[in-house]
Amino acid sequence: MARVAVLSAGSWGTTMAKVFADAGSDVVVHARRDEVADAINTAHQNPRYLPDVLLPPRLRATTDATEALIGAAYVVLSIPAQTLRENLAAWAPYIGPEAVVVSLMKGIETHSGLRMSEVIGEVTGIPAERIAVLSGPNLAREIAGGQPAASVIACPDETAAAALQKACHTPYFRPYTATDVAGCELGGATKNVIALAVGLAAGLGLGDNARALLITRGLAETARLGAAMGADPLTFSGLAGAGDLIATCASPLSRNRTFGEHLGQGMSIDQAAQATGQTAEGVKSCRAILDLARAHGVEMPITQVVAAVIDGTATVTDAATALMSRSPKPEHYSA
């Protein structure tokens with residue numbers, strides 16, 4: 001089977017490393033800290049992010065990214081979206097000429113408005129046919145524990161997508177293939193912002209009706225942006241759209257929902273970040289997504305109020321009032 005390099009020993013990176021290993025690949029994880037690499041190599045565990053999860057013996061770790069990359073057929077990236085460009089510039093010379101780069105990241109680069117696959121292509125010069133994204137309702141702790149889950153692998157090259165599908169298909173993880181890279185990435189990035197809104201509502205003590213409102217209308221504004229950017233509308237009714245949105249908004253395992261809930265309970269941005277403990281991509285990406293929407297003439301009211309709360313230009317209470325006081329509209333409109 002293939003050799004896989006996973007550049008990140010966080011919860012999602014380690015989880016997908018386990019999936020690849022369970023599917024039969026030899027996997028090397030790049031960890032920034034010696035103690036994390038040592039724990040993976042000696043105890044077959046990552047106690048910092050996945051306590052009580054036993055990792056396969058064929059999965060090993062290193063603190064040397066170059067060592068991880070040598071000979072890898074798949075290079076899997078699972079780092080915070082806003083750090084991708086700088087890190088990838090250092091790693092790019094060691095990515096093999098035939099390697100497929102796989103993005104697990106769900107964010108939009110703040111200063112450029114680029115999706116993660118676009119950043120990968122721009123930094124490395126790798127053609128789009130060798131860049132894939134994996135997106136879906138993928139709560140890391142559940143998958144690491146062997147609970148059933150599915151995802152979408154999107155790549156312009158259907159043959160490459162099918163090969164990657166085979167490389168990470170296990171009895172508990174079922175990947176599907178698609179070619180709509182833009183739709184999968186927009187769904188993955190925007191659902192984090194909607195999850196922040198759902199968390200805000202939960203923190204304020206609002207009920208299930210409010211959460212259903214935010215999820216449904218959040219999906220609508222995501223689909224509007226996707227349509228304006230050339231995505232396939234069907235993507236947003238699938239795993240990378242509605243599926244990912246529902247899981248992220250409903251589960252207490254979701255970083256973004258948890259972050260929003262902390263804000264709704266009165267914490268500051270810094271306090272919420274410390275309490276959440278891991279990167280909530282929607283916090284950094286919400287303004288970039290809103291900028292994309294404005295550039296394409298798309299109205300995204302939920303994203304707009306979340307961005308205002310994150311920027312400090314609106315309070316949590318202001319956000320709820322702003323959404324409910326908008327002028328009435330038909331349910332389906334294209335703005």
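Side notes on the structure shown:
- Farthest toward the positive end of the dipole of the chain, out of 172, 259, 321, is the Cα of 321, where the dipole comes from beta carbon charges about the Cα centre.
- Highest-fluctuation residue, 324, 16, 105 considered, GNM on the chain with Cα pairs under 10 Å: 324
- In terms of packing, defined here as the mean over residues of other Cβ atoms within 10 angstrom, the peptides 267-277, 183-193, 28-38 line up highest first as 183-193, 28-38, 267-277.
- Zone of residue 150's modelled label, taken as backbone nitrogen in segment 180-214 under 11 Å from a point 7 Å along Cα→Cβ: none
- Length gained when the stretch residue 313-residue 67 is fully extended (0.36 nm per residue, less Cα-Cα span): 84.0 nm
- Distance between the pseudo-spin-label points of residue 179 and residue 98 (7 Å out from Cα toward the beta carbon): 2.4 nm.
- When the convex hull of its Cα atoms is projected in every direction, mean area for segment 91-206 (nm²): 8.9 nm²
- Highest mean packing first, where packing is the average number of other Cβ atoms within 10 Å per residue, the peptides 45-52, 153-160 line up as 153-160, 45-52.
- Distance from segment 252-302 to segment 41-120 (C-alpha centre basis), Å: 23 Å
- Cβ-defined net charge surrounding residue 311, 13 Å radius [Lys, Arg +1; Asp, Glu -1]: 0
- Charge dipole of segment 185-241 about the Cα centre (unit charges at C-beta), most positive-ward option of 187, 231, 209: 209
- Sparse-neighbourhood loop sites, GluC sites (Glu not before Pro) in segment 56-129 - DSSP loop, at most 16 other Cβ within 10 angstrom: 98
- Proximal aspartates and glutamates relative to residue 284, as straight alpha-carbon distance under 14 Å, when same-chain residues fewer than 8 apart are discounted: 109, 270, 311
- Computed Rg/Rh of the chain, alpha carbon atoms with Kirkwood Rh: 0.96
- Stretch gain in nm, segment residue 206-residue 48, where the contour uses 0.36 nm per residue and the Cα spacing is subtracted: 53.6 nm
- Each Lys and Arg adds +1 at its Cβ and each Asp and Glu adds -1 at its Cβ; summed about the Cα centre, the chain shows a dipole of about 420 debye.
- Rounded to two decimals, the Cα radius of gyration of segment 182-324 over 2.2 N^0.38 Å is 0.94.
- Taking amide H as placed 1.01 Å from N in the peptide plane, residue 46 has its amide H under 5 Å from the amide H of 53, each at least 5 places away in sequence or on another chain.
- Segment 255-325, Cα convex hull volume normalised per residue, Å³: 81 Å³
- Net charge of Cβ neighbours under 13 Å - reference residue 139; Lys, Arg +1; Asp, Glu -1: +3
- The chain - mean residue ellipticity at 222 nm from DSSP helices (-39,500 (n - 2.57) per run, n ≥ 4, rounded to 500): -14500 deg cm²/dmol
- Long-range tail of P(r) for segment 3-179 (Cα pairs > 21 Å, %): 43 percent
Here, each number is a calculation from the coordinates, and none is a lab measurement. Because the structure is a prediction, the values reported are computed rather than measured. Positions of Cβ are backbone-derived with ideal geometry, glycine not excepted, and every protein chain shown enters the neighbour counts.
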